[in-house]
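Have a look at the structure below before the remarks.
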Amino acid sequence: MTSPTRVIEQLLLPAECLLCHALLVERDADRIVCPVCRHRWRPVRPPWCERCGQPEPHFGPCRLCAEWPAALTYVRSAVWLSEGAREAVHALKYGGLPRIANDLAAAIAGVTLPTQEKSVLVPIPLAPKRLRERGYNQSDALARALSRLWRLPVVDVLVRSRETATQTALTPETRLANVAGAFTPGRRPGVSRDSNYILVDDVFTTGENVAEAARALEQAGARTICGITFGRAVIPDFT
Ligand SMILES: [Zn+2]
Ligand SMILES: [Zn+2]
């Protein structure tokens, strides 16, 4: 059944691509971004660090994931956060367009996971204050859209235990301190040793959020954790 909000949304929004404003053909009327713009998103491809999916450093081992909790073995992102992809994430986070999660999830669904067996999707929780302001958690919207494509359940096993400053303005060192201890496992459902937890987030910048969320899951008993994000930010080389 089409929800009333959905009907209103369709009446208000012209059926055109959010990014290039081309009219959407009937078959894509459910989309927010047209196929041409989606094909412009640049997939993240190997060679990369097998663990964190970051392009290999020129010298020595990868430093980005060296301090990650042991249970976090595999993180990948669908596309580089270049202009169009950045705009799409912005629409998801600030444009009040949770429906765009379907377009972003379709791109994530192209990412290969080591296994889908016994896997569950875990959205990275949003701080309560931001959740109230936004009305939804963008990672949750992504996880739910992905769950329909991958037929995996979404479980909210993490809660945000404290507010954190916006990450973008911080240096790598302060980012890590900023998220330390930011997540705790919720009481229900509990963390299972047998599940493969797949953390879902919109953007991977330097990985602190996913690493910190994985740390909380690991401390609660999780043994295998992966992470997937839609976008990967090109970060300045801080080696
Ligand atoms: Zn377009
Ligand atoms: Zn790495």
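Hey, among the residues in the range 18-42 that are free of Cβ contacts under 8 Å to residues at least 12 places away in the same chain and either in contact with a Leu (Cβ under 6 Å, 6 or more places away or on another chain) or surrounded by fewer than 14 Cβ atoms within 10 Å (Cβ to Cβ) (or both), which one's nearest to GLY84 (Cα to Cα)?
HIS39
To keep it simple, each residue is scored yes or no on (1) within 11 Å of ligand 2 (Cβ to nearest atom); (2) aliphatic (A, V, I, L, M); (3) at pLDDT 90 or above.
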| residue | (1), (2), (3) |
| --- | --- |
| PRO69 | no, no, yes |
| TYR74 | yes, no, yes |
| VAL79 | no, yes, yes |
| GLU87 | no, no, yes |
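Testing SER119 on (1) farther than 19 Å from LEU19 by Cβ; (2) under 13 Å from the mean Cα position of the chain (by Cα); (3) small (Gly, Ala, Ser), one condition comes back false. Which one is that?
Exception for SER119: condition (2).
Just the residues that are at pLDDT below 85 and over 30 Å from THR112 (Cβ atoms), please, taken from the range 9-28.
GLU9, GLN10, LEU11, LEU12, LEU13, PRO14, ALA15, GLU26
Looking at PRO114, PRO35, PRO46 in this structure, which one is in contact with a Phe, Trp or Tyr (Cβ under 7 Å, 6 or more places away or on another chain) and at pLDDT below 95?
Sole residue among the options that is in contact with a Phe, Trp or Tyr (Cβ under 7 Å, 6 or more places away or on another chain) and at pLDDT below 95: PRO114.
More than 16 Å from ligand 2 (Cβ to nearest atom), closer than 23 Å to GLY190 by Cα and free of Cβ contacts under 8 Å to residues at least 60 places away in the same chain, is that true of LEU121?
no
Take the conditions more than 16 Å from ALA127 (Cβ to Cβ), at pLDDT 85 or above and in a helix (DSSP H, G or I) and apply them to GLU212. Does it pass?
It is false that GLU212 is more than 16 Å from ALA127 (Cβ to Cβ), at pLDDT 85 or above and in a helix (DSSP H, G or I).
Residue check: is CYS52 without any contact (Cβ under 8 Å) to a residue 40 or more places away in the chain, within 14 Å of ligand 2 (Cβ to nearest atom), hydrophobic (A, V, I, L, M, F, W, C) and surrounded by 14 or more Cβ atoms within 10 Å (Cβ to Cβ)?
Against the criterion (without any contact (Cβ under 8 Å) to a residue 40 or more places away in the chain, within 14 Å of ligand 2 (Cβ to nearest atom), hydrophobic (A, V, I, L, M, F, W, C) and surrounded by 14 or more Cβ atoms within 10 Å (Cβ to Cβ)), CYS52 does not qualify.
Please enumerate the residues belonging to the range 20-77 that are of a type in the set (Gly, Ala, Ser) and outside the structural domain of THR224 (by TED's automatic domain parsing).
Answer for the range 20-77, where residues must be of a type in the set (Gly, Ala, Ser) and outside the structural domain of THR224 (by TED's automatic domain parsing): ALA22, ALA29.
Kindly provide the set of residues from the range 60-79 that are farther than 23 Å from ARG193 by Cβ, more than 16 Å from ligand 1 (Cβ to nearest atom) and hydrophobic (A, V, I, L, M, F, W, C), ordered by number.
Result: CYS62, LEU64, ALA66, ALA78.
With the structure loaded, tell me whether GLN116 is surrounded by 15 or more Cβ atoms within 10 Å (Cβ to Cβ) and over 20 Å from ASP28 (Cα atoms) or whether it fails that test. Spell out the reasoning first.
Numbers: surrounded by 15 or more Cβ atoms within 10 Å (Cβ to Cβ): no; over 20 Å from ASP28 (Cα atoms): yes.
Considered against the rule, which asks whether it is surrounded by 15 or more Cβ atoms within 10 Å (Cβ to Cβ) and over 20 Å from ASP28 (Cα atoms), GLN116 comes out as no.
Scan the range 112-162 for residues that are small (Gly, Ala, Ser) and either outside the structural domain of SER195 (by TED's automatic domain parsing) or assigned to a helix (DSSP H, G or I) (or both) and jot them down.
SER139, ALA141, ALA143, ALA145, SER147
The values are calculated or read from the model by the stated rules, or taken from the named source; none is laboratory data. Values in this document were obtained by computation on a predicted structure and should not be read as measured data. Neighbour counts are summed over all protein chains in view; Cβ atoms, including those assigned to glycine, are modelled from backbone coordinates with ideal geometry.
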